[in-house]
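> After the structure tokens below, expect a handful of questions from me.
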Amino acid sequence: MRTLFRNAYCWSAGKEIFDGLLIENDIIVAVGDQALASDFDEVIDLDGAFVIPAFLDGHAHPIFAGREAAGPKINGLSSLEEILKEVKNFAEKNPTMPWIIGGAYEAAIIEAGAFDAHWLDSVVFDRPVVLHAVDHHTIWVNSEALKRAKINEKTPDPSGGTIARRPDGSPQGTLREPNAIQLILNCAPPDSINSDVEAIKRACSAYLDAGVTAAIDSWVEKDMAQAYLAAAQSGDLTIAMNLSFLATPTTWREKVTEFNSFRSEFASLPNPDLVLANSIKFLADGALSAGTAALIDPYLDNPDSHGIKIWADKELLDAVTTFDALGYQVHIHAIGDAAVKQALDVIEAMMKINPHWDRRPVIVHAQLISDEDLPRFNALGVIANIQPLWCYLDPMNKELILPRLGKTRNDRQYRLRTLIDTGATIAFGSDWPVTSEVPLLALAVPVNRLAPGVHSEDSWNISEAITMEESLTFYTANAAYQLFRESERSSLKVGMKADFLTLNRNPFETPPHEVASISIKSVYQNGEKI
Ligand SMILES: [Zn+2]
């Protein structure tokens with residue numbers, strides 16, 4: 001069956017805009033004039049639509065997003081009252097749910113992000129409530145959750161994490177970084193494989209609505225890998241997925257065998273390209289908003305602190321070298337300039353130990369990079385995975401990060417133009433559910449360095465702006481390269497999977513502040529409209 005799509009403006013990275021796409025089954029077999037001149041069985045008139053390849057998400061947490069969507073919906077609420085109201089309503093509607101877990105609240109609405117357990121107690125006191133902050137490095141809990149986790153004034157801060165305290169030393173209700181968060185979540189009933197398969201289904205459907213047909217889950221633990229396996233076997237996983245297994249300083253050595261056996265299980269599925277379980281996630285530091293990102297110079301608001309390095313250099317090098325030798329891509333979360341330097345140092349040292357291969361290491365976020373480290377991305381072949389929706393002066397930057405960094409350093413975040421000028425490869429990722437999974441919402445943000453939909457002269461560091469062509473390329477071709485899917489779905493070229501979107505407007509001819517309101521007319525996956 002050959003279908004010709006015509007009367008369209010087709011864009012593909014690095015190419016002129018053309019009309020004509022010929023699809024045979026699920027593959028593009030001709031484009032442009034050649035497509036228009038070919039024989040076909042069916043023709044579809046796209047009525048002048050703008051056509052782009054489907055998006056790929058190079059950094060995200062689909063299961064977390066799907067789990068969060070099952071709890072109270074507090075995303076985007078801008079006051080404490082609204083959040084408490086939603087939690088109260090949710091609790092009333094779900095009287096038998098033993099723990100209420102949801103997200104994600106905007107920490108910047110309360111000074112220093114110090115949320116109090118008593119506020120949640122006023123709406124739910126009889127069972128634990130745990131809410132994730134938008135940075136997903138922080139939780140806010142009620143007193144019952146603290147009680148179940150036996151956290152009191154005598155509980156010390158865990159290594160790499162903090163428990164916010166009242167003047168008398170008792171816990172206030174805000175906990176920061178995974179080691180502190182786990183003190184609470186370890187007491188919650190574990191998510192079952194079935195509930196995680198439901199989370200995967202919710203995530204896939206949100207992704208397809210947003211025009212994303214391939215993504216990565218960049219924090220995968222054993223139970224989640226089992227859920228992906230079940231979802232892949234049952235047909236509930238409806239987009240292509242890469243998995244990045246979480247390695248931690250204390251557990252990575254014993255996890256090697258587990259990751260290897262998952263990798264072979266996914267590779268032996270009938271459709272081995274559906275899930276590429278080929279990446280390992282390392283957290284080098286925390287987040288700037290929480291004062292836990294690792295900085296070369298100390299924090300302005302706390303001159304004794306350079307933030308937190310989660311790994312000792314030697315241990316990180318051992319781990320990265322071990323997994324690289326086994327053919328895994330490394331995917332290192334590094335936000336502060338000291339963490340980015342550590343990640344680059346470790347990758348450089350690893351490359352001297354292990355033989356050369358097409359390894360495509362990834363540093364994700366790379367929010368603050370010291371000048372001398374900028375050219376090292378290109379020199380070492382490290383992909384910078386950046387979140388386009390973060391590239392403006394958002395409330396978190398203004399209220400929480402600026403006071404910790406000072407203006408000069410704050411303004412040196414997200415130096416996309418400078419990175420591109422050094423020759424570095426940038427790929428985009430949403431970091432969903434930290435920020436929205438919808439690429440069209442994000443595309444123009446790094447182009448005019450303003451919030452989606454905002455029209456203003458007041459761009460944040462416009463000298464670091466990129467073009468719309470670059471933005472689209474980073475969310476399609478470059479993300480495909482990062483995910484080792486470039487031969488399959490990076491562009492509208494012959495031989496690629498027929499995954500594409502028709503848009504109601506041409507993003508190149510739309511004013512940047514209107515790009516976020518471009519709508520997807522239809523999503524084609526494997527040549528079929530969904
Ligand atoms: Zn992330």
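> Please go through the stretch 322-348 and pick out each residue that is surrounded by 19 or more Cβ atoms within 10 Å (Cβ to Cβ) and part of a helix (DSSP H, G or I).
Listed by number, the residues that qualify are Phe323, Asp324, Asp337, Ala338, Ala339, Val340, Lys341, Gln342, Ala343, Leu344, Val346, Ile347.
> Being part of a helix (DSSP H, G or I), among the small types (Gly, Ala, Ser) and either under 22 Å from Tyr481 (Cβ atoms) or within 16 Å of the ligand (Cβ to nearest atom) (or both) is the filter here; which residues of the stretch 433-464 pass it?
Within the stretch 433-464, Ala442 is the sole residue that qualifies.
> Which of the strands (runs of 3 or more DSSP E) found entirely inside the stretch 161-233 contain at least 1 residues meeting this: within 30 Å of Thr473 (Cβ to Cβ)?
In the stretch 161-233, 212-220 are the strands (runs of 3 or more DSSP E) which contain 1 or more residues that are within 30 Å of Thr473 (Cβ to Cβ).
> Identify all residues within the stretch 121-151 that are of a type in the set (D, E, K, R), more than 16 Å from the ligand (Cβ to nearest atom) and either on the phi > 0 side of the Ramachandran plot or touching a residue at least 24 places away in the same chain (Cβ under 8 Å) (or both); write none if there are none.
Once the filter is applied, which keeps residues that are of a type in the set (D, E, K, R), more than 16 Å from the ligand (Cβ to nearest atom) and either on the phi > 0 side of the Ramachandran plot or touching a residue at least 24 places away in the same chain (Cβ under 8 Å) (or both), the stretch 121-151 yields Arg127, Arg148, Lys150.
> If you go through the stretch 58-74, how many residues are away from the ligand (no atom under 16 Å from the Cβ) and out of contact with any Phe, Trp or Tyr (no Cβ under 6 Å at 6 or more places or on another chain)?
4
Per-residue answers, yes or no, for (1) touching a strand residue (DSSP E or B) at 6+ places or on another chain (Cβ under 8 Å); (2) modelled with pLDDT of 95 or more; (3) away from the ligand (no atom under 16 Å from the Cβ); (4) not charged (D, E, K, R):
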{"site": "Ala338", "(1), (2), (3), (4)": "no, yes, yes, yes"}
{"site": "Leu344", "(1), (2), (3), (4)": "yes, yes, yes, yes"}
{"site": "Ile347", "(1), (2), (3), (4)": "yes, yes, yes, yes"}
{"site": "Asn354", "(1), (2), (3), (4)": "no, yes, yes, yes"}
{"site": "Asp358", "(1), (2), (3), (4)": "no, yes, yes, no"}
{"site": "Val364", "(1), (2), (3), (4)": "yes, yes, no, yes"}
{"site": "Arg376", "(1), (2), (3), (4)": "no, yes, yes, no"}
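> Tell me which of these Asp285 doesn't satisfy, since it passes every other one: (1) part of a loop (DSSP other than H, G, I, E, B); (2) surrounded by fewer than 19 Cβ atoms within 10 Å (Cβ to Cβ).
All conditions are met except number (2).
> What is the number of the single condition among (1) closer than 18 Å to Leu56 by Cβ; (2) not in a loop (DSSP other than H, G, I, E, B) that Gly495 does not meet?
Every condition holds for Gly495 apart from (2).
> A further question on this structure: Among the residues in the stretch 401-413, are any within 22 Å of the chain's Cα centre (by Cα), assigned to a helix (DSSP H, G or I) and surrounded by fewer than 23 Cβ atoms within 10 Å (Cβ to Cβ)?
Checked the stretch 401-413: at least one residue is within 22 Å of the chain's Cα centre (by Cα), assigned to a helix (DSSP H, G or I) and surrounded by fewer than 23 Cβ atoms within 10 Å (Cβ to Cβ).
> Here is a follow-up. Conditions first: (1) surrounded by 24 or more Cβ atoms within 10 Å (Cβ to Cβ); (2) within 16 Å of the ligand (Cβ to nearest atom); (3) not in a loop (DSSP other than H, G, I, E, B). Ser430 passes all but one, so which condition is the exception?
With respect to (1) surrounded by 24 or more Cβ atoms within 10 Å (Cβ to Cβ); (2) within 16 Å of the ligand (Cβ to nearest atom); (3) not in a loop (DSSP other than H, G, I, E, B), Ser430 is out only on (3).
> When you go through Pro303, Pro375 one by one, which is the residue that is free of Cβ contacts under 8 Å to residues at least 24 places away in the same chain and either outside the structural domain of Thr418 (by TED's automatic domain parsing) or not acidic (Asp, Glu) (or both)?
Pro303
> Determine whether the stretch 31-48 contains at least one residue that is more than 16 Å from the ligand (Cβ to nearest atom) and within 30 Å of His331 (Cβ to Cβ).
Within the stretch 31-48, none of the residues are more than 16 Å from the ligand (Cβ to nearest atom) and within 30 Å of His331 (Cβ to Cβ).
Residue by residue, here is whether (1) modelled with pLDDT under 95; (2) part of a loop (DSSP other than H, G, I, E, B); (3) of a type in the set (Phe, Trp, Tyr); (4) within 30 Å of Trp390 (Cβ to Cβ) holds:
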| position | (1), (2), (3), (4) |
| --- | --- |
| Phe115 | no, yes, yes, yes |
| Leu120 | no, no, no, yes |
| Val124 | no, yes, no, no |
| Arg127 | no, yes, no, no |
| Leu131 | no, no, no, yes |
| His136 | yes, yes, no, yes |
| Trp140 | no, no, yes, yes |
| Glu144 | no, no, no, no |
| Pro158 | yes, yes, no, yes |
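> What tally of residues in the stretch 465-492 results from selecting those that are part of a loop (DSSP other than H, G, I, E, B), out of contact with any Pro (no Cβ under 8 Å at 6 or more places or on another chain) and farther than 18 Å from Ile386 by Cα?
Number of matching residues: 1.
> Given the conditions (1) part of a loop (DSSP other than H, G, I, E, B); (2) over 20 Å from Ile28 (Cα atoms); (3) over 22 Å from the mean Cα position of the chain (by Cα), report the number of the one that Phe508 does not fulfil.
Among (1) part of a loop (DSSP other than H, G, I, E, B); (2) over 20 Å from Ile28 (Cα atoms); (3) over 22 Å from the mean Cα position of the chain (by Cα), the lone unmet condition for Phe508 is (1).
> If I filter the stretch 218-243 down to residues being within 30 Å of Arg127 (Cα to Cα), within 16 Å of the ligand (Cβ to nearest atom) and crowded, with 19+ Cβ neighbours inside 10 Å, which single residue comes out as nearest to the chain's Cα centre (by Cα)?
Selected residue: Trp219.
> Residue by residue through the stretch 454-468, note down the ones that are within 21 Å of the chain's Cα centre (by Cα) and modelled with pLDDT under 95.
None - no residue of the stretch 454-468 is within 21 Å of the chain's Cα centre (by Cα) and modelled with pLDDT under 95, so the list stays empty.
The values are calculated or read from the model by the stated rules, or taken from the named source; none is laboratory data. Predicted model, so just to flag it, every value in this text is computed and none were measured. Cβ coordinates were reconstructed from backbone atoms using ideal geometry, including for glycine residues, and neighbour counts include every protein chain displayed.
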